Each structure stands twice: as structure tokens, then as C-alpha cells.
């Protein structure tokens with residue numbers, strides 16, 4: 001049979017390096033080409049050139065663009081958050097299947113979340129900024145041992161976060177949309193979790209049911225001065241309500257790796273608050289997670305080839 005073609009349309013240098021190591025071009029049934037990390041959506045039809053499979057890391061695929069991608073039948077999205085970049089159901093109506101990848105970076109993202117929690121608790125970013133500006137600023141931190149961490153969502157990343165948190169002596173509460181159990185974790189109603197947690201970490205998938213999940217009302221019910229960590233999706237949180245809560249002290253500090261708009265625009269209000277620690281949606285970016293991610297993407301591609309469509 002003819003080789004099926006896939007294009008990794010927006011490979012970063014790190015991901016392209018891994019991909020070339022894992023796929024050396026000798027596969028008799030699958031050919032893989034590469035685009036650019038900074039490709040724009042309107043360039044996708046030309047970049048794909050009739051290929052049946054698009055591997056996408058961080059580029060939006062609007063419906064009007066998808067209609068112009070002749071031959072496209074599958075999108076392999078590198079992660080679980082495809083809905084932030086495309087409409088899977090609408091693409092399915094066009095005959096384009098969207099495949100996501102779970103579990104590849106659970107440990108990496110949980111470590112990022114824990115790092116942001118420590119940074120929030122100790123005021124690291126505030127002190128770092130002050131010292132770079134020539135001021136010797138000491139902040140009074142929060143001791144996490146003995147405190148309560150509330151996990152909203154308990155998939156693979158939430159489970160890893162629970163492991164890390166119990167390891168430093170935190171009590172862990174969790175809420176999940178479906179029943180879960182885990183040694184050392186108490187599953188409770190969302191109302192109790194928000195009321196009793198000294199720190200809250202978000203680990204939900206984004207869909208129409210979870211969009212805006214941490215609403216103004218739920219933020220208002222959080223323990224005064226609680227820490228907030230979000231390494232999941234920015235749209236899970238009512239951003240305006242979060243900013244108001246940060247200004248009022250309802251939220252003591254937020255550690256954020258994800259945002260409503262990415263990249264975060266220059267001068268965005270979150271960059272002006274000294275009780276926010278920011279990272280650039282990079283929690284899952286480790287060599288180990290990159291290898292897992294690309295390897296899983298190629299498993300999807302080869303399965304598609306084996307199905308012959």
C-alpha cells in the first residue's frame with residue numbers, strides 16, 4: 001500500500017528532535033514531515049499538503065481552516081486539552097477524528113503544580129523581583145506541612161499531586177466528577193473542600209461542564225487567604241473573580257501555569273499583581289514527558305495506518 005502521510009505541523013525544536021529519534025523515516029507505511037513551531041492557522045492547508053494526519057501541539061484548527069485541509073482525516077493532539085484549540089465534535093462532522101493523549105506527563109505536571117505551590121507559599125517570586133530591583137525584601141511564608149490541600153479533579157495528575165503532598169505531610173482532600181478512592185485521600189463535596197483547604201489545586205479537564213468551574217461564588221467560599229494553583233486550563237476559573245480575590249486577599253497567592261489567553265498578553269493584569277507567580281504553560285515540558293508524548297502520538301499514527309483510513 002502507499003505510505004500514509006502525517007505532518008507534525010508545529011513541532012518545537014525539542015519535540016522535533018525527539019520525533020526524529022523515534023521515527024527515522026524507514027517506516028514503510030508511515031511518512032512524517034515537519035512544519036514550524038510558529039506556524040499560523042491559515043498556513044495549515046499548505047503545510048499539510050493533502051496529508052491524512054495532522055499532529056498538533058499548540059496551534060488552533062478552526063473549522064473554516066479544517067474545511068480547506070484536503071485529505072485530512074485525523075488530528076493527533078499532543079495532550080488532553082484539544083478543546084482549547086479546536087472543536088472535536090464539529091471536526092467529527094467534517095469526517096476528521098481527533099485523538100488525544102493521556103498520562104504522558106502526569107508526574108511532570110504534578111511536580112510543576114507542587115513547585116508553584118511552594119513558590120506561592122514562600123513568596124519566592126515577590127522576593128526575587130524585589131532583589132533584582134535592588135530591594136532586600138523578606139516575606140513571611142506559609143508552612144505547608146500540616147496544612148490541607150484540596151484537589152479539584154483526581155485523574156493521573158491529581159493522584160501524583162496527592163502522592164507528593166502526602167509526602168510532605170499535608171492532609172489531602174479531593175473532589176472528582178466520578179467516584180474515586182485513594183489511600184490517604186479523603187473525597188468530599190466541593191463545598192467542604194473549598195471551605196477547609198489552605199491550598200487548592202485544579203486538575204480538571206476542560207469541557208462545557210467544567211468551563212468556569214471555579215466561579216465567583218465558589219471563590220468567595222474559599223478559606224480566607226488560601227493559595228490557588230492552576231496547571232490545568234485557564235478557562236476553568238472565572239479570571240475576573242480570581243483577580244478581584246487576589247486583590248482583596250481572599251486568595252492569598254496564585255501559582256498559574258495556564259491562562260484564558262495564551263500567550264499571556266504583555267501588560268495583562270495578572271502580571272501587575274505581586275501575589276501571583278506565573279509560568280508559561282510549561283508544566284508538562286520535560287525530556288521524559290516529551291518522549292512519552294511523541295511516542296504515544298506515533299502509536300496513534302500507526303494505529304490509524306493499520307486501520308487503513
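Bear in mind these aren't lab numbers, they're just calculated from the coordinates by the rules spelled out. Remember, predicted model here, so these are calculated numbers, not experimental data. Cβ sites come from the backbone with ideal geometry, for glycine too, and all protein chains shown count toward neighbours.
Under the criterion of Cα pairs below 8 Å and six or more residues apart, the relative contact order for the range 106-278 equals 22 percent. Taking all C-alpha pairs of the range 106-278, those more than 24 Å from each other amount to 30 percent. Angle, helix 156-167 long axis vs. longest principal axis of the chain, Cα atoms, 0 to 90°, nearest 10? With both axes taken from Cα atoms, the answer is about 30 degrees.
Each residue, residue 135 and residue 3, gets one label point 7 Å from its Cα in the Cβ direction; the gap between the two is 5.9 nm. Between the helical axis of 13-22 and the dominant principal axis of the chain, each derived from Cα atoms, what acute angle in degrees is found, rounded to the nearest 10? For 13-22 against the chain, the angle is about 50 degrees.
Using the Kirkwood radius over Cα pairs, work out the Stokes-Einstein diffusion coefficient for the range 41-108 at 4 °C and 1.567 mPa s, in µm²/s as a whole number. After rounding, the answer is 107 µm²/s. Evaluated at q = 0.16, 0.21, 0.27 Å⁻¹, a Debye calculation over the C-alpha positions of the range 1-53 (equal weights, vacuum) places log10 I(q)/I(0) at -0.48, -0.77, -1.08. Rounded to the nearest 10 degrees, the inclination of helix 239-248 to the longest alpha-carbon principal axis of the chain is 20 degrees. Ranked by the mean number of other Cβ atoms within 10 Å of their residues, highest first, the peptides 227-233, 251-257, 133-139 fall in the order 227-233, 251-257, 133-139. Among 85, 104, the ranking by other beta carbons within 10 Å of each residue's beta carbon, starting with the fewest, stands as 85, 104. Pop the C-beta distance of residue 269 and residue 221 into the FRET formula with R0 = 22 Å and round what comes out to the nearest 0.05. Given R0 = 22 Å and the Cβ-Cβ separation, E is 0.45. Pairs of Cα atoms nearer than 8 Å and 6+ residues apart set the relative contact order; for the range 185-245 it is 43 percent.
Start at zero, step by 10 Å, and the Cα-Cα distances of the range 57-192 spread as 10, 27, 23, 22, 13, 4, 0 percent across the bins. Under the criterion of Cα pairs below 8 Å and six or more residues apart, the relative contact order for the chain equals 17 percent.
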